[in-house]
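Asks: There's a structure below that I have some questions on.
The values are calculated or read from the model by the stated rules, or taken from the named source; none is laboratory data. On a predicted model such as this, the values are computed, not experimentally measured, just so you know. Reconstructed Cβ throughout: ideal geometry from the backbone, glycine too, with neighbour counts over all protein chains shown. SASA here: full protein model, heavy atoms, side chains in, ligands and nucleic acids out. Shrake-Rupley method; radii C 1.70, N 1.55, O 1.52, S 1.80 Å.
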Amino acid sequence: MSLRFYNTLTQNVEEFTPLHDNVVRMYTCGPTVYNYVHIGNLRTFTFQDILRRWLRARGYQLDHVMNITDVEDKIIRNAKAENKSIQEYTATYTEAFLEDIATLRLEQPERIVKATEHIPEMVDAIRQLEQRGFTYVSDGSVYYRIANFPSYGKLSHSDFSGIRAGARVDVDEYDKADARDFVLWKAQKDGEPGWDAPMGKGRPGWHIECSAMAMKYLGETLDIHTGGVDLTFPHHENEIAQSEAITGKPFVRFWLHAEHLSIDAQKMSKSAGNFYTLRDLLGMGYAPESIRYLLASVPYRKKLSFAFDGLKAATTSIERLRNYKLRLETDKFPAGTSAAVAARIQAASAAFDAALDDDLNTAEALGAVFEFIRDTNTAMDAGQFLAGNAVGALEFLARFDSVFDVLKSSAHTSGLSDAEVDALIAERTAAKKSKNFGRSDEIRAHLAAQGVILEDTKEGVRWKRS
Ligand SMILES: [Zn+2]
């Protein structure tokens, strides 16, 4: 069977192949760096990691772009409250985000791009929309006129034909039922940052960010665009309206949306105040791989109901997997190779692949792995699992782990000595001083991957092993 994904645009499960050669051009809406991300956000990023890994397992190469929204209302408000520049304020949470995704073993996209480093591209996109008659100006700000884009609503499958023409909104996030002309360029207000542009000093709206950056790096038509389900409207609807008005071509072929993570039957969100960050859970003593396992184990289009029992069950599942691997590596099995066991390995591997090909059905893939473990443990106990079968079983486990990545314990991953950690921290401090934030981010992420957690304090940098 072929690789298939559910496409929000068509509301169908469709066979996936990239448009150009073997390379999947993919865009992900990244975090708004005004705070630590919570595990509901990390669920979406974990889904993207599983997607990346499975596309690669299926032989594709990736060109994956993720944006960092580093200028926005909440950032401006919070930075001002802390008396910091926007750059200073967002650097902290950008670093923290990169550290969190490294801790959860989420691969970094090929390109992580910051909004504030792409203002000219956004200005250019807005100018093109102006030339094509999709904009108007009010109070110095530029708005997108959605009445001029007849297929507005095609992604969220909403009928917006009754929209009030000219009703507009300055904020980037708004109510689901409320389609309005949205802001492309916000005129500068007192005390706010602004960039020079032909339409006056100001800053970009959130939606134009993603259109401009996605098309700059990935071209006019992307293979896949992912995000959390709450971005479908208005954000992704607006991305389509902007991009397609500019190019006249389909912006994205496959839209993949991850469902919410809920807690006590409510959506986990910062506004509801019912959230945990990754740091909260690590502080309670949960291992990163248990959190990763829990987030990955529920298929991405199903709501994931977060509970501590689930985390404990994830920990137990990982223990079973590790014990099984240890048994394969250390037990003395009778000589020879059993054809029946070899066939069982092949069947398990085929079931695993088929499950992930089916719109990343991670629950079914895990089911195939655990059924296999139960059957082969029984065969081992009965003396029917032979020495020649161990390699095949280990290969299957390796394939599983190339996607789920939970077998290695992060408690033992740091190969760095204390002196090496100190040297890297000194290099990071120097990099920060010389405003080489790229290098300092990189060092922090590298240390996080080695299980070393940094904490910036007034007295300097403190660190510990996770
Ligand atoms: Zn976006």
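Asks: Residues Ala448, Ala382, Ala393, Ala387: which one is within 28 Å of the chain's Cα centre (by Cα) and aliphatic (A, V, I, L, M)?
Replies: Values: Ala382 fails: within 28 Å of the chain's Cα centre (by Cα); Ala393 fails: within 28 Å of the chain's Cα centre (by Cα); Ala387 fails: within 28 Å of the chain's Cα centre (by Cα).
Being within 28 Å of the chain's Cα centre (by Cα) and aliphatic (A, V, I, L, M) holds for just one of Ala448, Ala382, Ala393, Ala387, which is Ala448.
Asks: Spot the failing condition for Leu281; the list is (1) away from the ligand (no atom under 16 Å from the Cβ); (2) touching a strand residue (DSSP E or B) at 6+ places or on another chain (Cβ under 7 Å); (3) touching a residue at least 24 places away in the same chain (Cβ under 8 Å); (4) not acidic (Asp, Glu), and only one is missed.
Replies: Failing condition for Leu281: (2).
Asks: Which pairs do you get when a residue that is within 15 Å of Ser243 (Cα to Cα), found in the stretch 139-161, comes within reach of a residue that is open to solvent by 40 Å² or more (accessible area, probe 1.4 Å) and among the aliphatic types (A, V, I, L, M), reach meaning Cβ atoms under 6 angstrom, with the pair 6+ apart or on two chains?
Replies: Leu155/Leu9
Asks: Does Thr116 satisfy the condition of being closer than 28 Å to Ser410 by Cβ, open to solvent by 40 Å² or more (accessible area, probe 1.4 Å) and hydroxyl-bearing (Ser, Thr, Tyr)? Outline the logic, then answer.
Replies: On the way: closer than 28 Å to Ser410 by Cβ: no; open to solvent by 40 Å² or more (accessible area, probe 1.4 Å): yes; hydroxyl-bearing (Ser, Thr, Tyr): yes.
Here the answer is no, as Thr116 does not meet what is asked.
Asks: Filter the stretch 228-246 down to the residues that are in contact with a strand residue (DSSP E or B) (Cβ under 7 Å, 6 or more places away or on another chain) and open to solvent by 30 Å² or more (accessible area, probe 1.4 Å) and list them by number.
Replies: Of everything in the stretch 228-246, just one residue is in contact with a strand residue (DSSP E or B) (Cβ under 7 Å, 6 or more places away or on another chain) and open to solvent by 30 Å² or more (accessible area, probe 1.4 Å), namely Val229.
Asks: Can you say whether Asp159 is more than 21 Å from Gly219 (Cα to Cα), more than 24 Å from the chain's Cα centre (by Cα) and not in a strand (DSSP E or B), as far as the supplied structure shows?
Replies: Values: more than 21 Å from Gly219 (Cα to Cα): yes; more than 24 Å from the chain's Cα centre (by Cα): yes; not in a strand (DSSP E or B): yes.
Answer is yes for this residue.
Asks: Moving to a separate point now. Being more than 28 Å from Leu55 (Cβ to Cβ) and within 20 Å of the chain's Cα centre (by Cα) is true for just one of Ser297, Ser269. Which residue is that? Outline the logic, then answer.
Replies: Working: Ser297 fails: more than 28 Å from Leu55 (Cβ to Cβ).
Every option except Ser269 fails the conditions.
Asks: Let me ask something else. Just to confirm my filter: which helices (runs of 4 or more DSSP H) fall fully inside the stretch 261-356 and include at least 3 residues that are hydroxyl-bearing (Ser, Thr, Tyr)? Quick ask: steps written out before the conclusion?
Replies: Numbers: elements: 278-283, 288-297, 308-330.
The qualifying helices (runs of 4 or more DSSP H) are 288-297, 308-330.
Asks: To continue, here is another question. Hey, among His257, His225, which residue is within 16 Å of the ligand (Cβ to nearest atom) and either more than 30 Å from Gly133 (Cα to Cα) or open to solvent by 20 Å² or more (accessible area, probe 1.4 Å) (or both)? Don't jump to the end; show me each part of the working.
Replies: Working: His225 fails: either more than 30 Å from Gly133 (Cα to Cα) or open to solvent by 20 Å² or more (accessible area, probe 1.4 Å) (or both).
Answer to the selection: His257.
Asks: On the given criteria, is Met213 open to solvent by 20 Å² or more (accessible area, probe 1.4 Å), in contact with a strand residue (DSSP E or B) (Cβ under 9 Å, 6 or more places away or on another chain) and either among the hydrophobic types (A, V, I, L, M, F, W, C) or more than 22 Å from Asn12 (Cβ to Cβ) (or both)?
Replies: Details: open to solvent by 20 Å² or more (accessible area, probe 1.4 Å): no; in contact with a strand residue (DSSP E or B) (Cβ under 9 Å, 6 or more places away or on another chain): yes; either among the hydrophobic types (A, V, I, L, M, F, W, C) or more than 22 Å from Asn12 (Cβ to Cβ) (or both): yes.
So Met213 fails the test.
Asks: For a quick check of your reading of the model, give me the residue pairs whose first member lies in the stretch 338-367 and is aliphatic (A, V, I, L, M), whose second is at pLDDT below 95, with beta-carbon atoms closer than 8 Å and at least 6 apart or on different chains.
Replies: Ala354/Met1
Asks: Looking at the stretch 61-72, is at least one residue open to solvent by 40 Å² or more (accessible area, probe 1.4 Å) and either free of Cβ contacts under 8 Å to residues at least 24 places away in the same chain or assigned to a loop (DSSP other than H, G, I, E, B) (or both)? Give the steps one after another, and end with the answer.
Replies: The first filter runs over the stretch 61-72 and keeps only residues open to solvent by 40 Å² or more (accessible area, probe 1.4 Å), leaving 61.
Still in the list and also either free of Cβ contacts under 8 Å to residues at least 24 places away in the same chain or assigned to a loop (DSSP other than H, G, I, E, B) (or both): none.
No - not one qualifying residue is present in the stretch 61-72.
Asks: For the stretch 1-60, give me the residue count where each residue is in a loop (DSSP other than H, G, I, E, B), over 21 Å from Leu282 (Cα atoms) and touching a residue at least 60 places away in the same chain (Cβ under 8 Å).
Replies: Adding up the residues that qualify gives 12.
Asks: May I pose another question? Looking only at the stretch 6-38, how many residues end up being away from the ligand (no atom under 16 Å from the Cβ) and surrounded by fewer than 24 Cβ atoms within 10 Å (Cβ to Cβ)?
Replies: Narrowing the stretch 6-38 to residues away from the ligand (no atom under 16 Å from the Cβ): 6-7, 10-24, 35-36, 38.
Still in the running and surrounded by fewer than 24 Cβ atoms within 10 Å (Cβ to Cβ): 6-7, 10-23, 35-36, 38.
Number satisfying all stated conditions: 19.
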